[in-house]
Ligand SMILES: Cc1cc2nc3c(=O)[nH]c(=O)nc-3n(C[C@H](O)[C@H](O)[C@H](O)COP(=O)(O)OP(=O)(O)OC[C@H]3O[C@@H](n4cnc5c(N)ncnc54)[C@H](O)[C@@H]3O)c2cc1C
């Protein structure tokens, strides 16, 4: 590859903190709030003009993983419960009690943005929006500062403990720490996808919804659209004046700018293909319109930190429990084929046009699990061990959200937002304890960490 040489330069220090959280998504903002509440001087760095990650920028909803599998028993509380109650007070989410009866917590992304702002402000987190983490400066094995770029130029943010909540393990990767990416055998990650809101039509009754979904399913079979399901009338978000559809999918690498660019444009094209079809050919949808597409294409999976332990698919299936548990998950091994062909990938034998040339099919088909085998036991959950948040190489780094240490199958369950928020709360609490005790995150007393999490309302 052709290269150019950047001249070295002195860079101003923008800020200094005990805990520096990079990324303000479901894995990031709870970490910052928890760290600040436990007395650490905390900075959160976020590339967009708002926090929430895919929950806001991706319009992803509902929040999954808050109850045990097929049960209304909560497995995550703490900051997730507080966020839900604050959104409920704004008329933009169900009450916590109501949410336990639902498979996911529906919410309004705009309410989430302002709730996160408030929680960060009240906890005393210094938030730097419009700021991209671009590099790290190390002292020995540890990170001394992250380099950031924003409208003011290039600056450094100095810290003691760093939380990588970028979703793509940008901090760990730039620090030269080992990271994994997708499937063990070919490094391909789950397909990307996105949500869009559709409005401008009268919402039909249940019978008509079924008919209309069948209509789109038929068009999918004919190859007219590339969606992975027909649910354009699904209401994943809280308000009911629009639908919030989770239908799109695009194979590609979310850490490749060319793949991201292609994915954004492909998804928009598909959404508009659907809208034109609905307007021209489906009664009642003559005036429908795209209220909004997501701010960014959603990566389901990309780089992940390598920690002393990696959560596995088997851990999910058997509802594994660990002595160093710091969060609970209940979502299943939910894998979208990396090539954007089948969903779930375990059904690829039946429908995949790649047939026997697919690397997944070649390497896995003899040990392919059935649908029933992809879930934790009914009424149960799996623990996320603290070791999944540590880096084997960088002692003052903690991972959070979807870049914790897990296999492709393990991350397929742990990636949902309820679990990411529980992990985030644990990462921030651990970071604050490490600073207070003057130890590395890996030397934090985990039984004390669990005790503090319990005192803060978390279920561990
Ligand atoms: C199509 C799709 C459907 C999904 N459906 C659901 C669902 O129904 N329910 C559910 O619970 N989960 C769902 N998920 C999963 C869930 O949305 C994510 O796994 C979760 O949001 C991960 O949280 P995170 O904080 O780790 O990462 P993200 O949500 O990606 O947040 C990362 C944050 O870091 C910021 N950032 C990234 N890099 C940098 C940088 N270098 N510098 C500064 N800031 C940076 C980003 O702007 C973002 O705010 C879905 C995901 C996708 C893609």
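Take every Cα pair under 8 Å in the range 334-374 that's 6+ residues apart, average their separations, divide by the length, and report that relative contact order as a whole percent. The partial results should precede the final answer.
On the way: 28 pairs, mean separation 12.1, N = 41.
About 30 percent, as a whole number.
For the range 243-396, compute the orientation-averaged projected area of the C-alpha convex hull (one quarter of its surface), in nm².
Average projection, Cα convex hull of the range 243-396: 13.3 nm².
If one takes the longest principal axis of the Cα atoms in the chain, at what angle in degrees, from 0 to 90 and to the nearest 10, does the Cα axis of helix 417-437 lie?
0
Could you grab the relative contact order for the chain? Cα pairs under 8 Å, six or more apart, rounded to a whole percent.
23
Classify the range 203-258 as rounded, prolate or oblate, taking a ≥ b ≥ c as the square roots of the eigenvalues of its Cα gyration tensor: rounded when a/c is under 1.5, otherwise prolate if a/b is larger than b/c and oblate if not.
Verdict is oblate for the range 203-258.
Send over the Kirkwood Rh of the range 195-293, from the inverse of the averaged 1/r over different Cα pairs, rounded to one decimal Å.
14.1
Label points 7 Å out from Cα along the Cβ direction at residue 215 and residue 269: separation in nm?
Inter-label distance under the simple model: 2.5 nm.
Return the whole-Å distance between the Cα centroid of the range 135-187 and the Cα centroid of the range 211-233.
Value for the Cα centre distance between the two parts: 41 Å.
Cα axis of helix 257-281 to longest principal axis of the chain: angle in degrees, 0 to 90, nearest 10?
Approximately 30 degrees, to the nearest ten.
Just check the range 23-118 against the gyration tensor rule for me: Cα atoms, a ≥ b ≥ c as the square roots of the eigenvalues, rounded for a/c under 1.5, and otherwise prolate or oblate depending on whether a/b exceeds b/c.
Prolate shape, in that a/c is at least 1.5 and a/b is the bigger ratio.
For all pairs of alpha-carbon atoms in the chain, what percent lies in each bin of width 20 Å, listed from the first bin to the last filled one?
All Cα pairs considered, the percentages come to 25, 58, 17, 0.
For the range 162-264, what is the relative contact order in percent, using Cα pairs closer than 8 Å and at least 6 residues apart in sequence? All intermediate terms of the calculation are to be shown ahead of the outcome.
Numbers: 115 pairs, mean separation 28.0, N = 103.
After rounding, I find 27 percent.
Sorting 337, 388, 288 on the 10 Å Cβ count, fewest up front, what's the list?
So the residues, fewest neighbours to most, are 288, 337, 388.
Need the C-alpha centroid separation for the range 269-301 versus the range 423-442, integer Å.
44
Separation of the range 48-64 and the range 83-108 by C-alpha centroid, Å?
Cα centroid to Cα centroid, the span is 15 Å.
First check a/c for the range 334-374, with a ≥ b ≥ c the square roots of the eigenvalues of its C-alpha gyration tensor; if it is under 1.5, answer rounded, and if not, answer prolate when a/b is larger than b/c or oblate otherwise.
Cα axes put the range 334-374 in the oblate bin.
Tell me the angle of helix 109-123 to the major Cα principal axis of the chain, expressed in degrees between 0 and 90 and rounded to the nearest ten.
10
In nanometres, what is the gap between the two model label sites at residue 283 and residue 3, each 7 Å from Cα along Cα-to-Cβ?
Taking the two extended label points, one gets 6.6 nm.
Bear in mind these aren't lab numbers, they're just calculated from the coordinates by the rules spelled out. Worth saying up front: this structure is predicted, and the values here are computed from it rather than measured. Every residue, glycine among them, receives a Cβ derived from its backbone with ideal geometry; neighbour counts consider all protein chains shown.
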